[in-house]
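Working notes, structure below.
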Amino acid sequence: MQSSKISESAVLEKSYTRADWQGGYQSLTQEFDYWIDDIEGKIPPELQGTLFRNGPGLLDINGQRIHHPFDGDGMISRISFANGRAHFRNRFVRTEGYLAEQQAGKILYRGVFGTQKPGGWLANIFDFKIKHIANTNVIYWGDKLLALWEAAEPYRLDPYTLETLGKEYFNGVLSAGEAFSAHPRFDPSCDRYGGESCLVNFSIQPGLSTTINIFELNLAGEIVRKHAHSVPGFCFIHDFVITPNYCIFFQNPVNFNPIPFALGIRAAGECIEFQPHQPTRIIVIPRFPQPGQGVKILETQSGFVFHHINAFEVENEIVIDSICYESLPGVEPESDFRQVNFEANAPGHLWRFHLNLQNGNVQRKLIESRCCEFPSINPANVGRPYQYFYIGAAHAEIGNAPLQALLKIDLESGERQLWSAAPRGFIGEPIFVPRPGSHREDDGWVLALVYDAAFHRSDLVILDGSDFSKGAIARLHLKHHIPYGLHGSFTSEVFVPT
Ligand SMILES: [Fe+2]
């Protein structure tokens, strides 16, 4: 009987219930437009600007469940702050796939992460069309609001109405169907552009060898540099980091077997196999190559990285902080993501890598063993040495669990501050917004959406970035929930109805 006692106590110790967590994975079909008037605390009057968020708004098509949230249609949420008030609006990105499926009332496309057309393999065999779902990130750059998805071109939206305006090709520099990743990095000050900030992004053309394209965009939103590099092997790369001189990519050790995909048995994402005995390769590409300066490839221990926090250069070294998994969390054809066994999967941990560019040596050390994901830093420190970051984290110190807390880490002192929404709150990616005019790195606010299972609605919480012990300084109750999202961004531009 001892084992049942142990399992009972393990259940009691959980900071959440699965039923509560599942509530955040219900579709939101409605599109709203309102001033938020149900607020606890006070919105700081200095907080002016707009938070944009993207993520799967639909987890089913007219009742037909999609297989994985990453296959869900992109829905943009916008919260604009002006003079101590906040306005909410959400709207789906009208991709071709979204419009076609809404009209048909059923699933018409295969998804990368397991969604298949009804009818078994015969209905899916040799169908290589992938639905552009525009669901991963949303940025405002060069007066353009862009919904990003890593396997294709961005969709441009009207920032006031969130109306879909069409696909964005940057004056023809991007070609039809060409990828533009969902993880651009914003260099706060680039010598090459007279000290102005620029946007650096990439795309992956996978194959037996892989082409990595790098884009640099000026403040006007034009692509001013584009260069391509071929690296050996298949690449599944979701994110990257920049420094003033380099772009750095982690090539996770995976193989891709396309046969089950071609035969309609498995989705493309289910054909990626983690190779635990292969090293992770670290690809270092100069942003502005000097004659004779090529791509460097270094190696470190096997692992899987979705997201990095930041990178910076110190003499001959590049330092990179990343969230690493022991392996690629499997996407199983017959499984239901709502029934995921958190305890059976390895949590994401935070590691610091030191890359010696002279001798190719890579050293790494563990920074944080609490389960964590979705980091954010002060945008002025991107690619530079930094002291603080904010990240979604599990409520408990050990084990794998849904993100219910926000963690602030001081990399110099090692001090941690935790704000938790447990037991009934579930948190998304935090975004740090600097206080206007301040140069103190953690002087600002941390904004995050929290799904509150107690009311089946979402809140926007605002924390003081310099001191989590104050608790939430404002909690804005929305009139509805927002399904768990992916990424977003903040701009100082305000978009509210006039
Ligand atoms: Fe991501």
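So, counting K/R as plus one and D/E as minus one, what does the shell of residues with Cβ under 11 Å around ASP464 add up to? Could the numbers behind the result be given before it?
Working: positive: LYS408, ARG435, LYS470; negative: ASP442, ASP443, ASP467.
Once all neighbours under 11 Å are counted, the net charge is 0.
Quote to one decimal, in nm, the extra length available between GLN205 and ASP143 on full extension: 0.36 nm per residue of separation minus the C-alpha distance between them. Intermediate values should be presented prior to the final figure.
On the way: separation 62, 0.36 × 62 = 22.32 nm, distance 2.80 nm.
That pair, GLN205 and ASP143, stretches by 19.5 nm at full extension.
At 1.4 Å probe radius, can you tell me the per residue accessible area of segment 269-419 in Å²?
Numbers: 6620 Å² over 151 residues.
In whole numbers, segment 269-419 has 44 Å² accessible per residue.
Which percent of Cα pairs goes in each bin when the distances of the chain are cut into 20 angstrom slices starting at zero?
Final binned percentages: 23, 61, 16, 0.
Just to confirm a number: summing +1 for Lys and Arg and -1 for Asp and Glu over residues other than GLU40 whose beta-carbon lies under 14 angstrom from that of GLU40, what do you get?
Details: positive: LYS42, ARG457, LYS470, ARG475; negative: ASP37, ASP38, ASP452, ASP459.
Residues close to GLU40 contribute a combined charge of 0.
Can you work out ³J(HN,Hα) from phi for every residue in segment 346-352, in order, using Karplus 6.51 cos²θ - 1.76 cosθ + 1.60 and θ = phi - 60°, giving whole Hz and x for Gly and Pro?
The phi angles translate into 6, x, x, 10, 9, 10, 10 Hz.
Taking the full set of protein chains and a 1.4 angstrom probe, give the accessible area of HIS480 in square angstrom, rounded to the nearest 10.
10 Å²
For the peptides 84-92, 401-409, 215-223, what is the packing order when you average, over each peptide's residues, the other Cβ atoms within 10 Å and list the highest mean first? Can you show the working numbers first?
Working: 84-92: 19.1, 401-409: 23.9, 215-223: 17.2.
Most protected by this proxy first, the peptides run 401-409, 84-92, 215-223.
From the backbone phi of segment 35-44, what are the Karplus-calculated ³J(HN,Hα) couplings (6.51 cos²θ - 1.76 cosθ + 1.60, θ = phi - 60°) in whole Hz, Gly and Pro given as x?
The phi angles translate into 7, 7, 10, 9, 10, 9, x, 9, 6, x Hz.
Between GLN293 and GLU326, take the C-beta separation as r, use R0 = 41 Å, and let me know the FRET efficiency to the nearest 0.05.
Details: r = 34 Å, r/R0 = 0.84.
E(calc), rounded to 0.05, equals 0.75.
Which cross-chain or sequence-distant (5 or more) residues have an amide H under 5 Å from the amide H of GLY264, H modelled 1.01 Å from N in plane?
For GLY264, whose amide H was placed from the backbone, the distant partners under 5 Å are PHE126.
From the P(r) of segment 184-260, can you give the percent of Cα pairs sitting at distances over 16 Å? Write down the numbers at each step before the final one.
On the way: 1562 of 2926 pairs.
Looking at segment 184-260, the distances longer than 16 Å represent 53 percent of pairs.
How far, in nm, would the chain grow between GLN102 and LEU219 when pulled straight, counting 0.36 nm per residue and subtracting the alpha carbon separation?
Details: separation 117, 0.36 × 117 = 42.12 nm, distance 3.63 nm.
Contour length minus the Cα-Cα distance gives 38.5 nm.
Less than 13 Å Cβ to Cβ from PRO253, Lys/Arg counted +1 and Asp/Glu -1: what total charge do the surrounding residues give? List each step's numbers first, then the result.
Values: positive: ARG281; negative: GLU273, GLU299, GLU326.
Within the 13 Å Cβ shell, the charges total -2.
What nm distance separates the two modelled labels at ILE398 and SER197, each placed 7 Å from Cα along Cα→Cβ?
About 4.2 nm, to one decimal.
What are the equivalent ellipsoid semi-axes of segment 50-188, built from the alpha-carbon gyration tensor (square roots of five times its eigenvalues), in whole angstrom, biggest first? Let's see the in-between values first.
Details: eigenvalues 156, 67, 29 Å².
One finds semi-axes of 28, 18, 12 Å for segment 50-188.
If the convex hull of the alpha-carbon atoms of segment 382-498 is projected onto planes in all directions, what is the mean projected area in square nanometres? Could the numbers behind the result be given before it?
Values: hull surface 35.9 nm².
In nm², the orientation-averaged hull projection of segment 382-498 is 9.0.
How about LYS106: which lysines have a C-alpha closer than 19 Å to its C-alpha, ignoring those fewer than 8 places off in the same chain?
LYS117, LYS129, LYS131
Under a crude label model (7 Å from the Cα following the beta-carbon direction), how far is HIS354 from GLU493 in nanometres?
4.3 nm
Just the number, please: carbon plus sulfur as a percent of the accessible area of the chain, 1.4 Å probe, no ligands or DNA/RNA counted.
Answer for the chain: carbon and sulfur cover 50 percent of the accessible area.
Which of the chymotrypsin sites (Phe, Trp or Tyr not before Pro) found in segment 401-498 are loop residues per DSSP with 16 or fewer other Cβ atoms within 10 Å of their Cβ?
Working: sites: TRP419, PHE426, PHE432, TRP445, TYR451, PHE455, PHE468, TYR484, PHE490, PHE495; in loops: PHE455, TYR484, PHE495.
In loop regions of segment 401-498 (DSSP not H, G, I, E or B), the sparsely surrounded chymotrypsin sites (Phe, Trp or Tyr not before Pro) are PHE455.
Could you work out how far apart the two model spin labels at HIS439 and ALA346 are, taking each label as a point 7 Å from the Cα in the direction of the beta carbon, and quote it in nm?
With each label point 7 Å from Cα toward Cβ, the separation is 4.3 nm.
Give me, ordered by chain and number, the residues 5 or more places off ALA152 or on other chains with an amide H under 5 Å from its own placed amide H.
PHE180
Under the rule of at least 5 residues apart or a separate chain, name every residue whose amide H is placed under 5 Å from the amide H of GLU299.
Here the answer is ILE282, since their amide H atoms fall under 5 Å of that of GLU299.
The values are calculated or read from the model by the stated rules, or taken from the named source; none is laboratory data. What you see is a predicted model; the values in this text were computed from it and never measured. For neighbour counting, all protein chains shown are included, and Cβ atoms are generated from backbone atoms with ideal geometry for every residue, glycine included. For the accessible areas, the whole protein counts, side chains as well, though only heavy atoms, and no ligand, DNA or RNA atoms are used. Shrake-Rupley method; radii C 1.70, N 1.55, O 1.52, S 1.80 Å.
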